[in-house]
1. Residue by residue through the range 93-110, note down the ones that are assigned to a strand (DSSP E or B) and either surrounded by 11 or more Cβ atoms within 10 Å (Cβ to Cβ) or of a type in the set (Ser, Thr, Tyr) (or both).
2. Here is a check on your reading of the model: is Ala272 assigned to a helix (DSSP H, G or I) and either at pLDDT 90 or above or under 12 Å from Gly292 (Cβ atoms) (or both)?
3. Taking Thr192, is it among the hydroxyl-bearing types (Ser, Thr, Tyr) and open to solvent by less than 60 Å² (accessible area, probe 1.4 Å)?
4. Confirm whether Asp66 is exposed (fewer than 15 other Cβ atoms within 10 Å of the Cβ), assigned to a loop (DSSP other than H, G, I, E, B) and of a type in the set (D, E, K, R).
5. Kindly indicate whether Ala272 is in contact with a helix residue (DSSP H, G or I) (Cβ under 9 Å, 6 or more places away or on another chain) and more than 18 Å from Asn74 (Cα to Cα).
6. Of Ser201, Ser239, which residue is over 24 Å from the mean Cα position of the chain (by Cα), in a loop (DSSP other than H, G, I, E, B) and either among the polar types (S, T, N, Q) or closer than 27 Å to Ser353 by Cα (or both)?
7. Name the residues in the range 396-414 that are of a type outside the set (Val, Ile, Thr) and assigned to a helix (DSSP H, G or I), would you?
8. Does the range 166-183 hold any residues that are in a strand (DSSP E or B) and closer than 18 Å to Thr145 by Cα, and which are they?
Amino acid sequence: MVPFCHSLFDSSSIQARRTSLGLKKAFAEERNLKWKQDSVGNLVVFHPGCGVGKSAPAVILQGHVDMVTEKNSNTAHDFEKDPILRHQLAPIHNEQTNQKEQWLGVKGTTLGADNGIGVAATLALLETSVDDETAALPPLEALFTIDEETGLTGATELNAQELGLTGKSMLNLDTEEWGELYVGCSGGGESTITVPLTRGSTLVGDVEYMELRVDGLLGGHSGNNIHEGRGNAILVCASAAQKALQAAPEGLLPVFITGGDKHNAIPREACALFAVSTPEAKNAIETAAQLGDLVSKAEYGILETKLSVVAELQRSMILLKYHHWMPNLVETSNNIASIVMASDDSQANILCSTRSSIGDALEMARDKLEAIAFLGGATIEREESYPGWNPDMKSNLLSLERKLVNRGTGRSPESRQFMPGWNVDY
């Protein structure tokens, strides 16, 4: 499986999707495996099975071929053409197995293991020779879907008939935890709050510009990591900026604030720019940064070890509710994903990504956002939400999976629900 992971990490953009799917077509043709593609771009590769598994019902294996493309502000990387720069991390101790594990990481960008791991696992199974009579592999329909991270296009426009899908059982491989089974996922929806802005009076005297910058946070997926208490750079930056403005009402004007990039990523970096014309204003920003750094490090403890809040002359996440019937499952959450100023400074756009495994709870959370926007004199535009996948704890397939995982790992698997949305609509 590892060789397939190495080959997948370079498929890092929507444009690279075509190359990625082309490689999978070539992979299939080299092994005399049939494939079909629907009009939106989803691809399915058929394996007839082998050994005693040939006569079994077909099983669909599904994974998506795109990734979240994020990079640090000091990283020069073009996701349209530059490869992902991998490197080995220091060995990590696994408390469950009491062994050290070797992990791959990247420098300055996201890795692409979501969903590179699932796609690589599927390709490893397709590698099985159809003439191998010792393997008990059922007929496989390997479904590679597109644009999961940028709008679930592959799921919403999937054409099962055009793809020739016949399987009645499907395994989604969009998770990472070894020996654990995911039996459902959340739905979600995006909301963009537009705040009208007006410029105040200009400063008198010599004006300089100071930046209040927050960086070094873990970030992460706004579904996978929403419950871990990670810092949101936008919230940390906004809090420090507010303290500066309260401390120096004169000689200090905000110019802009920006942070975050993708709707499904917790912001790792954010900055606010101020115009200053007095020593008191400079001191207010520096003090706010020092206090913000101190308070944030006290709040996040050893979790955000590289968190930094600094002020220099210029040269995202709210957990709303846990699920009531599955322990430690986040039922409803909201990620303040990004804040961007308009080019003419007339408004600020705040993107929020809300998730819930319960449809009514999802829309109630988005109703609250709408109410907050109204109270703040802002407008809000709500994108159409996507549905969750309610778990069926009595599923025969789930029962079989539990037995197989127990046999392979020596322990009973946990059943979880996936907070991010899955690119599945079959």
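The values are calculated or read from the model by the stated rules, or taken from the named source; none is laboratory data. Worth saying up front: this structure is predicted, and the values here are computed from it rather than measured. Every residue, glycine among them, receives a Cβ derived from its backbone with ideal geometry; neighbour counts consider all protein chains shown. Heads up: the accessible areas ignore ligands, DNA and RNA and are worked out on the full protein's heavy atoms, side chains in. Shrake-Rupley method; radii C 1.70, N 1.55, O 1.52, S 1.80 Å.
1. Keep residues of the range 93-110 that are assigned to a strand (DSSP E or B), which gives 93-94, 99-101, 104-106, 109.
Selection gives Asn94, Glu101, Leu104, Gly105, Val106, Thr109.
2. Numbers: assigned to a helix (DSSP H, G or I): no; either at pLDDT 90 or above or under 12 Å from Gly292 (Cβ atoms) (or both): yes.
Criteria not met by Ala272.
3. Working: among the hydroxyl-bearing types (Ser, Thr, Tyr): yes; open to solvent by less than 60 Å² (accessible area, probe 1.4 Å): yes.
For Thr192, the condition - among the hydroxyl-bearing types (Ser, Thr, Tyr) and open to solvent by less than 60 Å² (accessible area, probe 1.4 Å) - is met.
4. On the way: exposed (fewer than 15 other Cβ atoms within 10 Å of the Cβ): no; assigned to a loop (DSSP other than H, G, I, E, B): yes; of a type in the set (D, E, K, R): yes.
No: the conditions fail for Asp66.
5. Judged against the criteria, Ala272 is not a match.
6. Values: Ser239 fails: in a loop (DSSP other than H, G, I, E, B).
Every option except Ser201 fails the conditions.
7. Our first condition is that a residue be of a type outside the set (Val, Ile, Thr); within the range 396-414, this holds for 396-404, 406-408, 410-414.
Hits for the range 396-414 are Asn396, Leu397, Leu398, Ser399, Leu400, Glu401, Arg402, Lys403, Leu404, Asn406, Arg407, Gly408.
8. Here is the first cut: in the range 166-183, the residues in a strand (DSSP E or B) are 169-172, 181-183.
Those that are in a strand (DSSP E or B) and closer than 18 Å to Thr145 by Cα: Ser169, Met170, Leu171, Asn172.
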